[in-house]
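Trainee: Once you've had a glance at the structure underneath, I'll fire off some questions.
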Amino acid sequence: MTTRKGGELGFSILELLIAVAIATVITGAVFAMLDPAHGAFRVQPESADVAQRLRAAADAVLRDVSAAGSQPVFAPGEPLPPVSVAAVFPYRIGRRNADPPGTFDTTRISVWSVSPSAPQALLAAPLPSGSAVATIAPGGGCPPADPTCGFMAGTTVVVMSHSGALDLFTVTAVDGSLLSLDHNLADSAFVHAASATTLAEVIAQTYFLRTDPALGYAQLRRYDTGAGADVPVVDHVVGLVFEYWGEADPPRMIDGAAPARTTYGPLPPPTGVQWTAYPPGENCVFTRSPLGNVVPRLAQWSAQPELVPLSAASLTDGPWCPDDASPNRYDADLLRVRQVVMTVRVEAAADSVRGPAGRLFTRAGTARDGRWVPDRQLRLVVVPRALSRGR
């Protein structure tokens, strides 16, 4: 006698389809909850990078601009007054791709400064404004028994005097008190006088905005005024503007000062003595009255002793220092500069977190879901310490 088998236990096709549908719905819900977290993981690193980019740009410019105009302090001889030569320029200076005199570019700034501990000395022989050999005199700026005064090949040096002339060189070789120099500015017929001219190691920098077509975005770059290449400082900078504020009062001689000093700007030569193309006894910031008294050449811009904005027109119309014949001339009103205002704007590097161009984004991206990292902007007011002495 045979026994009949019963039906086997299992799932029907309908039950299987229902189970798959339920699993799909649950999986979709899980991924829907995870997607915002994925967006946050994408946005947060970009946001941190933007903040760091902004800090790096501000720190670099702040370091060099705040030190602008720091002058030699150990060199023997008559001390230079505050701001005896311009220390801030609204254009690129140096050996490579320098802007012509009279340029005003809001996206560029050039500054120089001398550290208190930097090698410095007086010239022992006249020095032409071109590549040459400088002879330095030992003195207060030199270590004992060191005829080189601490200067080394490869360093950048500044040469300045009461004439209002500023020159930059790179030391190529050192032989005792003789320094072989390569000129970093345009050659001229000007000759720096011995005994009254200071030579010191200098930090000279130009900061500027550069759009690189190969990269597809703009960078904040730095140039050291010598033969070196431009160096990227910060990527994805989409805006850079420099503004300048300065003294409303013209420079004046300080009554009773011994030795003679000015509130700012180079001292005028003695009566009958000619240092530049200006008439004897005069220079780019001082002229002489019919009675022979020293009077300001620059205008009074306000009845109050205040800082005023320095426009492009005011910084490109002269008078020129050291004179209007020099290929390295600069507007004498640059001696007024006391404050620099920098506005810098940076963007996220990834297109995927930048939205449409507008108030939030200088350059459009591909983000369309609101997971954005907007551009960030900083307005920084920098007061160079050396240019504000006496205020």
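Trainee: Just for the stretch 278-324: of the residues that are in a loop (DSSP other than H, G, I, E, B) and touching a residue at least 60 places away in the same chain (Cβ under 8 Å), which one is surrounded by the fewest Cβ atoms within 10 Å (Cβ to Cβ)?
Mentor: Top of the filtered list is A312.
Trainee: Would you point out the residue of the stretch 325-357, among those that are in contact with a helix residue (DSSP H, G or I) (Cβ under 8 Å, 6 or more places away or on another chain) and surrounded by 23 or more Cβ atoms within 10 Å (Cβ to Cβ), that is farthest from R368 (Cα to Cα)?
Mentor: Going through the qualifying residues, I end up with V337.
Trainee: Do you know which residues across the stretch 90-134 are surrounded by fewer than 18 Cβ atoms within 10 Å (Cβ to Cβ), of a type in the set (S, T, Y) and closer than 14 Å to V157 by Cβ?
Mentor: Within the stretch 90-134, S115, S131 qualify.
Trainee: Please find, within the stretch 244-277, the residue that is nearest to D105 (Cα to Cα) out of those that are in a strand (DSSP E or B) and touching a Leu at 6+ places or on another chain (Cβ under 8 Å).
Mentor: Y244
Trainee: Here is a further query. When you check Q219 against the structure, is it polar (S, T, N, Q) and either outside any strand (DSSP E or B) or touching a residue at least 24 places away in the same chain (Cβ under 8 Å) (or both), yes or no?
Mentor: Against the criterion (polar (S, T, N, Q) and either outside any strand (DSSP E or B) or touching a residue at least 24 places away in the same chain (Cβ under 8 Å) (or both)), Q219 does not qualify.
Trainee: Here's a follow-up. For D375, indicate whether it is buried (at least 16 other Cβ atoms within 10 Å of the Cβ), in contact with a strand residue (DSSP E or B) (Cβ under 9 Å, 6 or more places away or on another chain), farther than 30 Å from P128 by Cβ and of a type in the set (D, E).
Mentor: Against the criterion (buried (at least 16 other Cβ atoms within 10 Å of the Cβ), in contact with a strand residue (DSSP E or B) (Cβ under 9 Å, 6 or more places away or on another chain), farther than 30 Å from P128 by Cβ and of a type in the set (D, E)), D375 qualifies.
Trainee: Filter the stretch 182-207 down to the residues that are hydrophobic (A, V, I, L, M, F, W, C), part of a loop (DSSP other than H, G, I, E, B) and over 15 Å from D64 (Cβ atoms) and list them by number.
Mentor: L185, A186, A189, F190, A193, A194, A196
Trainee: Let me ask you something else. For the stretch 143-184: of the residues being hydrophobic (A, V, I, L, M, F, W, C) and surrounded by fewer than 20 Cβ atoms within 10 Å (Cβ to Cβ), which is farthest from R92 (Cα to Cα)?
Mentor: A145
Trainee: When the stretch 94-104 is examined, which residues are found to be closer than 19 Å to V340 by Cβ and free of Cβ contacts under 8 Å to residues at least 60 places away in the same chain?
Mentor: The one that is closer than 19 Å to V340 by Cβ and free of Cβ contacts under 8 Å to residues at least 60 places away in the same chain: D99.
Trainee: Let me ask something additional. Here are some conditions: (1) part of a strand (DSSP E or B); (2) over 25 Å from L62 (Cβ atoms); (3) in contact with an Asp or Glu (Cβ under 9 Å, 6 or more places away or on another chain). R210 meets all but one. Which one does it not meet?
Mentor: Answer for R210: the failing condition is (2).
Trainee: Can you say whether G226 is at pLDDT below 95, on the phi > 0 side of the Ramachandran plot and either of a type in the set (S, T, Y) or not in a strand (DSSP E or B) (or both), as far as the supplied structure shows?
Mentor: Here the answer is no, as G226 does not meet what is asked.
Trainee: Pick out the one residue from V233, V238 that is in contact (Cβ under 8 Å) with a residue 24 or more places away in the chain, surrounded by 13 or more Cβ atoms within 10 Å (Cβ to Cβ) and under 14 Å from the mean Cα position of the chain (by Cα).
Mentor: V233
Trainee: Give the residue that is modelled with the lowest pLDDT, with candidates limited to residues of the stretch 126-152 that are of a type in the set (V, I, T) and within 13 Å of T197 (Cα to Cα).
Mentor: I136
Trainee: Follow-up. Given T198, T211, which one is β-branched (V, I, T) and surrounded by fewer than 18 Cβ atoms within 10 Å (Cβ to Cβ)?
Mentor: When all the criteria are applied, what remains is T211.
Trainee: From (1) modelled with pLDDT under 90; (2) within 19 Å of D369 (Cβ to Cβ); (3) surrounded by 11 or more Cβ atoms within 10 Å (Cβ to Cβ), pick out the condition that doesn't hold for V50.
Mentor: (1)
The values are calculated or read from the model by the stated rules, or taken from the named source; none is laboratory data. None of these values were measured; they are calculated from a predicted model. All Cβ positions, glycine included, derive from the backbone under ideal geometry; neighbour counts span all protein chains shown.
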